[in-house]
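Undergrad: Mind looking over this structure? Questions follow.
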Amino acid sequence: MQLIYYCDRCNNLVDELDVEEVDEEKLGLSILTADEKEDIIKKTDDKMEIGIICDECETKEDLVSLVNDNLVH
């Protein structure tokens, strides 16, 4: 199965892996609720797309947060 990690903010490809079997425990997906899984995971027969936030978008959001919280002038 093909695992595709993409940024759900900018839609850029973050990483792509081919695995024989998806182990939710190893991927860290087992800690998500059913609703969270539904929000970030799209499955077909041969691929799974997982929406995450890329480093660039996370940095931008952190900077916006600092400005909005008046921690940066």
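Every number here is computed from the coordinates shown, using simple stated rules; none is lab data. Only a predicted model underlies this, so the values are computations on that prediction, with no experimental measurement involved. Don't worry about glycine lacking a Cβ; one is built from the backbone with ideal geometry, like all the others, and counts go over all protein chains shown.
Undergrad: How high is the relative contact order of the chain, given as a whole-number percent (alpha carbon pairs under 8 Å, six or more residues apart)?
TA: Reported relative contact order: 35 percent.
Undergrad: Please work out the FRET efficiency for the pair residue 23 and residue 53, using the Cβ-Cβ distance as r and a Förster radius of 25 Å; give the result to the nearest 0.05. Write down the numbers at each step before the final one.
TA: Values: r = 23 Å, r/R0 = 0.91.
Result of the calculation: an efficiency of 0.65.
Undergrad: May I ask what percent, to the nearest 5, of DSSP beta bridges between residues of the chain are antiparallel? Could the numbers behind the result be given before it?
TA: Values: 8 of 14 bridges.
Percent antiparallel among DSSP bridges in the chain is about 55.
Undergrad: Something else now. Cut-off 10 angstrom, C-alpha nodes, Gaussian network model of the chain. Which of 13, 63, 29 fluctuates the most?
TA: 63
Undergrad: Quick check: residue separation of residue 36 and residue 10 times 0.36 nm, minus the Cα distance between them. What number comes out in nm? Mind showing how you got there, number by number?
TA: Details: separation 26, 0.36 × 26 = 9.36 nm, distance 1.94 nm.
Length difference between fully extended and current span is 7.4 nm.
Undergrad: From the list (i) 50, 24, 18; (ii) 71, 39, 21; (iii) 91, 29, 7, can you say which value of Cα extents along the principal axes in Å was derived from the structure given?
TA: Read-out taken from this structure: (i).
Undergrad: Out of residues 5 or more away from residue 9 or on other chains, whose amide H comes under 5 Å of its own, with H placed 1.01 Å from N in the peptide plane?
TA: Those lying under 5 Å, H to H, from residue 9 are 54.
Undergrad: Return the lysines within reach of residue 47: Cα separation strictly under 18 angstrom, same-chain partners fewer than 8 residues apart disregarded; answer none if there are no such residues.
TA: Excluding near neighbours in sequence, the set is 26, 37.
Undergrad: Also: Given the options 34, 50, 10, identify the residue whose Cα lies farthest towards the positive end of the charge dipole of the chain (+1 on Cβ of Lys, Arg; -1 on Cβ of Asp, Glu).
TA: 10
Undergrad: Would you pull out the residues with amide H under 5 Å of residue 47's amide H, same chain only if 5 or more places away, H placed 1.01 Å from N?
TA: 2
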